[in-house]
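Working notes, beginning with the structure itself.
The values are calculated or read from the model by the stated rules, or taken from the named source; none is laboratory data. For clarity, every value in this text was computed on a predicted model and none was experimentally measured. Cβ atoms come from the backbone with ideal geometry, glycine included; neighbour counts cover every protein chain shown. The area values use the complete protein model at the heavy-atom level, side chains included, leaving out ligands, DNA and RNA. Shrake-Rupley method; radii C 1.70, N 1.55, O 1.52, S 1.80 Å.
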Amino acid sequence: MKRYNPSEIEAKWQQIWEQDGTYEADLHDTSRPKYYGFSMLPGITGAGIHIGHGRTYQFSDIKVRAKRQQGYNAYHPIGWDSFGLPVENYAIKVGKKPRQAHDEAKENFIRQLKRLGFSFDWSKEISTADPAYYKWTQWIFAKLYEHDLAYQKEQPQWWCETDNTVLANEQVEGGKCWRCGNEVVKRNLKQWFFRITAYADEMLDATDELNWTDMVKTMQKNWIGRSLGAEVEFAVEDSEEVITVFTTRPDTLFGASYVALAPENPLVQELAVGDQREKVETYVQAALAKSEVERQESKEKTGVFTGRYAINPVNGAKVPIWVADYVLGGYGTGAVMAVPAHDERDYEFAKKFDLPIIQVVEKPENEDDAGAYTGEGELVNSGRFDGRRSALAREEIVTWLESRNMGRSKTTYKMRDWLISRQRYWGAPIPIVHVEGREPIAVNEKNLPVELPDVDDFKPKGGNTSVLAEIDDWVRVWVNVETGETVNITESKPDGDAWVEGQRETDTLDGYACSSWYFLRYIDPFNGEQAWDPELAKKWMPVDYYNGADHAVAHLLYSRFWMRFFYKLGLVPTPEPFKRMMYNGYIMAPDGNKMSKSKGNVIDPMEIMDSGYGADSLRVYEMFIAPYDMDAPWDTRGVPGTYRFLNRVWNLTQEYVAAPETGAANDAEILKATHATIKKVTSDIEDEKFNTAVAAMMELVNTLYKLKEAQPIVKTEAWTFAIESLLQILAPFAPHITEELWHELGHGDTIHRDHWPKWDESLLVADTMTIIVQVNGKLRAKLELAKDTPAEEVEAAALVDEKVVQFLGDKKPAKVIYIPGRLVNLVLK
RNA sequence: GCGCGAGUGGCGGAAUAGGUAGACGCGAGGGACUUAAAAUCCCUUGAAUGAAUAAUUCGUGCGGGUUCGAUUCCCGCCUUGCGCACCA
C-alpha cells in the first residue's frame, strides 16, 4: 500500500495545475454564473507571510474553490499593493531602491503562496506600482478633480517626523503614526484632499444593509460619526462678530451659561481684550504647543476668560466667552455653547471655574443629583418652551431660531475629507501641473501615466516636498492650459498660446488610493484603453466575497467612496463594491501575544510544511483551529492531528482501491452518513463555518472506519459514492491529497472543477424519532418510537418507562409537556 | 467613559426559533501489533461520591429573574479582546 507523502504529491500537483491553467478564469465566459472572491491584496514588506496571513488567504481560497467545484466561473485573483509607505520604508531598511526591494521580496511571497496551494489565477496578477496600473489611478484622480471631488486646501495637517510625510486622519491611531508608531505633530501645509464627506450620508445609510462582519460595520459607522444638531449664532457684545456654535442639544439652549472657543479658533485673537489679552495669548500658545496626545491625555479642564460676552439668542442673556482646549478646533465650528447642567464636560468646567449651572431639563426622580443630567425630560426655566418634552423642543427651538435667522439645523460628521498627497517618493505622481495664476491643471489622459522618474536617492529629506521637487527636468513641463496635454521640457515648446511652462505637482498619492480600486482592475487587468471595461464590471461586480484581517476603516471607506463615484459615472453596476466582507480573527503566537518579528514569536508556515506535514495538513488545521472571526492561539501540536486525519483519508482510499469488486457492505449506513456530511459541509462552507465543516468530515471518516471494521470495504456504489464525495468536499481544504487520490480512483480530469456531490434529502429523514423523557426538566430516559406516533401514545410510553417509573414513584405528574418529535417533560409538584 | 464581541473540561473549541451540555481535535491514561521503537488501530477521559462501563449529585464567568425546562431570553455585575475616545 502506498504511503501518504505530502512533499512529493504537493509539488507534483502544483506544477500540473500551473501547466494546465486549472485555476484560470475566463473573464469573458458568460455561460456560467460568476463567483468573484479574494482576500485583501498583500502589501510587501519583506518579512514574508506568517501563519496568520496564510489563513487569511485560505478563507477566500476555500470559498472560491467550492464554487469552482460547483460549476461556477470562479475567479480568485492575486496582486500586490506595491506603492506606498510600507514598501518605501522597507526599501530604506534594506538599502535598495523601492522597485528592486519590492520585486525581490515579492519572489519570496510568491514562493510561499504557491507552496500553500492557493487557487490564485496567476495569469492575471497585477501590481499597483506598475505604470500600466497607476496610469488609471491617475486617471481616476483626474476624474475626481473634474467632478470637484479632489481639491487643494491649506490647513494644519498631521505630520509624521519619522516618516517625513503628512498622514490622513485614518492613518493616525491614538495620536500615533500607523506605520512607525511615533507621535505625530501638526504642520500647516497645502495638501490635496478627496471630498469623501460628500458621500458620508450615502455610505452611512447603506452600511446597515451590508452583509459584512458586524464589527467592521460598526467601526465604519463610528468613523463617519454623523451627528444631527443645529448651529446657533451668539452675537458678541460690543462687536460685529458672531460666534456660531454647533450643538446636538438645542433644547438646552436656555441653560447655556458660557460659550467656549477652541484655542485654534481665529476669533480668539480678535476678542481677547484688556488685561485678559495676555493671559489668553499665553494659554493659546501653551495649548497649541502641546501635542494632540498631550492635550488628550489629561481630561482635566483648563481655560481662560476672554474678557468678552456673548448674547444667548433665545433669551438675550449675557454669557462669558472662554477659551478652552477641550473644545476641538477641527470639529463642528470650533466653538460650543456650554450647558453645565446637561453636559458632563461643561459641568466639570463650570465647577472648576465657578460658572453658573442652570437646569433646564427635569431629571427623573430616581436620578442622583451629582453631575450633569444628559437624558431627556420636560423643559424648565426655558421661557415659552417650559413643559415641552426635550426631544420635541429640539425641533421647535431650531424652527424658532431659523425664523429669526439666528440658527439652523445642521448635520456634522466626525469623518473629514481624505488627505491623499504624500511628500514621499514611492507613489503614483499626482497628475497635476501648476501654472502661476491658474487653477491646477489635470494632465490630459493621453499623457498618462505621469511616470515616476527613477532617482538615486529617494529618501525623504524632511522638507515639505518629496524628492521629486529636486528633479528640475521633470518638474518643469510644457503644458497646454486648455487641454492639459503635456510635453517634456527638454523638447521644444509646442506652437500655440495655450502652451506655457508649468510645474508638475511633486507630491505622490497615498498608497491607499492605489488600493481603492484594484478589485475593478482584476476583472480587466490588461486593458490599455480604459481602467476597466464597464461591460465586464457589469458581469463581475460586486465582489461576492472579500476577506481581510486589517484595514477595517480606511481602506474599506475609501473603496466604497470611489465605487459610489464610479457608479454615478455609470462605470459600475452597483454602488457598493463588496457584497460580503468578512474580517477574520488573528492567530496568536503560542505565548498569547500577536505574532511579530520583534517579539520573535512568529510561526513560519514553510517550516511546518517542510518538516514533512505538507501544505494540506497545515491548511486543514488552520481552518479547524477556531471559528472564522475569533482569535486563537497557535498550538504546534495541532498539525499532527490534522495530518493523522488526512492519513486516515489516504489509507481508507487505498483500501477502497484494493477492495474486491463484488460482495456485501453496509450500504444504507454508509450512504446515510455520507449524505448527511455532504449537506453539513456544503452549508458550513456557505456560512463560513469552516471549523465545524472539518469536524464533520472527521466524523464521517470515523464512521466509515467503524463500518469497515464491521464489514470490509467492497466496491459497492455506496462505498464509491462515499469515497468520491469525501474527496470532493475535502478538496477546497486539502487540494493536493484529494487531487492525488481522485486520480488514483481512475479519474482523468481535475477534482477542482465541476465536481461537487449532491445529497439526497430523503435519505436523511429517519423513520424513527428519539424522544427525550425528562422528569422535572432532567433527562431520565430516551425512547425510540416510530416517526408518526401520536402525542397520547408518546406520553403513555413515557409514563410506563422503567426508569421514569423509578423517578415518579407513586406520584402522578402534575403536568405533561410534549414537544412533538423531541421530548416529554413530566412535571411533579 | 462609549460602541461591538467573547467568557463552556487540562487545552482549541461544539451545541442557541429555550429542549440529551461538552461534537471534532489536542493532551493524558490503558490495550493490540512489534525483538524494540516509531507509525497505525482499538478503548477510556467534565468534577465529586462509588469496586463499578450501577447510581446519585454538581457543572457553561458572578448574582438575581422569567419558564415545566436557560450555555441560549431579561436585569445587574465581573473579567477580557477590539475599536473610538473631551466629536459638544
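The residue of segment A:192-220 that is surrounded by the most Cβ atoms within 10 Å (Cβ to Cβ), among those that are part of a loop (DSSP other than H, G, I, E, B) and in contact with a strand residue (DSSP E or B) (Cβ under 8 Å, 6 or more places away or on another chain), is A:THR213. Pairing residues of segment A:186-198 that are more than 22 Å from A:PRO429 (Cα to Cα) with residues that are polar (S, T, N, Q) and modelled with pLDDT under 90, at Cβ distances under 7 Å and at least 6 apart in sequence or on separate chains, gives A:LYS186/A:GLN157. Return yes or no: is A:TRP742 part of a helix (DSSP H, G or I) and under 20 Å from A:MET698 (Cβ atoms)? For A:TRP742, the condition - part of a helix (DSSP H, G or I) and under 20 Å from A:MET698 (Cβ atoms) - is met.
Note on segment A:772-829: among residues that are within 9 Å of RNA strand B (Cβ to nearest atom) and over 55 Å from the mean Cα position of the chain (by Cα), the one that is surrounded by the fewest Cβ atoms within 10 Å (Cβ to Cβ) is A:ALA814.
Please find, within segment A:73-86, the residue that is surrounded by the fewest Cβ atoms within 10 Å (Cβ to Cβ) out of those that are touching a Gly at 6+ places or on another chain (Cβ under 7 Å) and closer than 20 Å to A:GLY427 by Cβ.
Only one residue fits best here, namely A:PRO86.
From the residues in segment A:385-438 that are within 16 Å of RNA strand B (Cβ to nearest atom) and of a type in the set (Phe, Trp, Tyr), which one is surrounded by the fewest Cβ atoms within 10 Å (Cβ to Cβ)?
A:TYR413
Sub-9 Å Cβ pairs linking a first residue in segment A:319-339 that is farther than 21 Å from A:GLN276 by Cα to a second residue that is at pLDDT 90 or above and of a type in the set (Asp, Glu), at least 6 apart or interchain, are A:GLY332/A:GLU231; A:THR333/A:GLU231; A:VAL339/A:ASP346, ordered by first then second residue. Going by the conditions given, is A:LEU253 outside any strand (DSSP E or B), in contact with a Ser or Thr (Cβ under 9 Å, 6 or more places away or on another chain) and either within 30 Å of A:PHE305 (Cβ to Cβ) or not aromatic (Phe, Trp, Tyr) (or both)? Spelling it out, A:LEU253 is indeed outside any strand (DSSP E or B), in contact with a Ser or Thr (Cβ under 9 Å, 6 or more places away or on another chain) and either within 30 Å of A:PHE305 (Cβ to Cβ) or not aromatic (Phe, Trp, Tyr) (or both).
Tell me whether segment A:13-21 contains one or more residues that are over 26 Å from A:TRP178 (Cα atoms), of a type in the set (A, V, I, L, M) and buried (at least 24 other Cβ atoms within 10 Å of the Cβ). No - not one qualifying residue is present in segment A:13-21. Looking at A:VAL620, is it open to solvent by less than 30 Å² (accessible area, probe 1.4 Å), without any contact (Cβ under 8 Å) to a residue 60 or more places away in the chain and not acidic (Asp, Glu)? Against the criterion (open to solvent by less than 30 Å² (accessible area, probe 1.4 Å), without any contact (Cβ under 8 Å) to a residue 60 or more places away in the chain and not acidic (Asp, Glu)), A:VAL620 does not qualify. Going residue by residue through segment A:271-279, is there one that turns out to be open to solvent by less than 20 Å² (accessible area, probe 1.4 Å), over 37 Å from the mean Cα position of the chain (by Cα) and modelled with pLDDT under 90? Among the residues of segment A:271-279, at least one is open to solvent by less than 20 Å² (accessible area, probe 1.4 Å), over 37 Å from the mean Cα position of the chain (by Cα) and modelled with pLDDT under 90, which makes the answer yes.
Could you identify the single residue in A:LYS176, A:LYS153 that is charged (D, E, K, R), at pLDDT below 85 and open to solvent by 20 Å² or more (accessible area, probe 1.4 Å)?
Of the residues listed, the single one that is charged (D, E, K, R), at pLDDT below 85 and open to solvent by 20 Å² or more (accessible area, probe 1.4 Å) is A:LYS176.
The single condition among (1) away from RNA strand B (no atom under 12 Å from the Cβ); (2) open to solvent by 10 Å² or more (accessible area, probe 1.4 Å); (3) more than 30 Å from A:ILE608 (Cα to Cα); (4) in contact (Cβ under 8 Å) with a residue 40 or more places away in the chain that A:GLU669 does not satisfy is (4).
Within the span defined as segment A:119-128, one or more residues are under 24 Å from the mean Cα position of the chain (by Cα), among the β-branched types (Val, Ile, Thr), surrounded by fewer than 24 Cβ atoms within 10 Å (Cβ to Cβ) and outside any helix (DSSP H, G or I). For A:ASP163, are the conditions met, namely being part of a loop (DSSP other than H, G, I, E, B) and surrounded by fewer than 21 Cβ atoms within 10 Å (Cβ to Cβ)? Spelling it out, it is not the case that A:ASP163 is part of a loop (DSSP other than H, G, I, E, B) and surrounded by fewer than 21 Cβ atoms within 10 Å (Cβ to Cβ). Residues in segment A:218-252 that are of a type in the set (Phe, Trp, Tyr) and closer than 17 Å to A:GLY316 by Cβ: A:PHE234 alone.
Every test in (1) within 26 Å of A:GLU281 (Cβ to Cβ); (2) of a type outside the set (Gly, Ala, Ser); (3) within 9 Å of RNA strand B (Cβ to nearest atom); (4) open to solvent by 50 Å² or more (accessible area, probe 1.4 Å) is passed by A:TRP223 save one, and that test is (1). Of A:THR248, A:THR218, A:THR244, all but one fail to be of a type in the set (Val, Ile, Thr) and more than 10 Å from RNA strand B (Cβ to nearest atom); the exception is A:THR244. With A:LEU189, A:LEU228 as the choices, which residue is part of a strand (DSSP E or B), more than 14 Å from RNA strand B (Cβ to nearest atom) and of a type outside the set (Ser, Thr, Tyr)? Testing whether each residue is part of a strand (DSSP E or B), more than 14 Å from RNA strand B (Cβ to nearest atom) and of a type outside the set (Ser, Thr, Tyr) leaves just A:LEU189.
Do you know which of the residues in segment A:305-336 that are under 14 Å from A:PHE246 (Cα atoms) and within 7 Å of RNA strand B (Cβ to nearest atom) is most open to solvent (accessible area, probe 1.4 Å)? Ranking the qualifying residues of segment A:305-336, first place goes to A:LEU328. Restricting segment A:709-746 to residues that are in contact (Cβ under 8 Å) with a residue 12 or more places away in the chain and among the charged types (D, E, K, R) leaves a set whose member that is farthest from RNA strand B (Cβ to nearest atom) is A:GLU717. When segment A:337-364 is limited to residues that are crowded, with 22+ Cβ neighbours inside 10 Å and away from RNA strand B (no atom under 13 Å from the Cβ), the one that is farthest from the chain's Cα centre (by Cα) turns out to be A:VAL360. Looking at segment A:515-585, the helices (runs of 4 or more DSSP H) lying wholly inside it that each contain 3 or more residues that are open to solvent by 10 Å² or more (accessible area, probe 1.4 Å) sit at A:534-540, A:554-568.
For segment A:573-609, a residue qualifies if it is modelled with pLDDT of 90 or more, of a type outside the set (D, E, K, R) and over 26 Å from A:GLY117 (Cα atoms), and the qualifying residues are A:PRO573, A:THR574, A:PRO575, A:PRO577.
Restricting to segment A:704-751, count the residues that are aliphatic (A, V, I, L, M), surrounded by fewer than 21 Cβ atoms within 10 Å (Cβ to Cβ) and within 19 Å of A:ARG3 (Cβ to Cβ).
Here is the first cut: in segment A:704-751, the residues aliphatic (A, V, I, L, M) are A:704, A:707, A:710, A:713-714, A:718, A:722-723, A:726-727, A:729-731, A:734, A:737, A:741, A:745, A:751.
Those still in the list that are surrounded by fewer than 21 Cβ atoms within 10 Å (Cβ to Cβ) too: A:707, A:710, A:714, A:718, A:745.
With the extra rule that they be within 19 Å of A:ARG3 (Cβ to Cβ), the set shrinks to A:745.
Summing the residues that are aliphatic (A, V, I, L, M), surrounded by fewer than 21 Cβ atoms within 10 Å (Cβ to Cβ) and within 19 Å of A:ARG3 (Cβ to Cβ) in segment A:704-751 gives 1.
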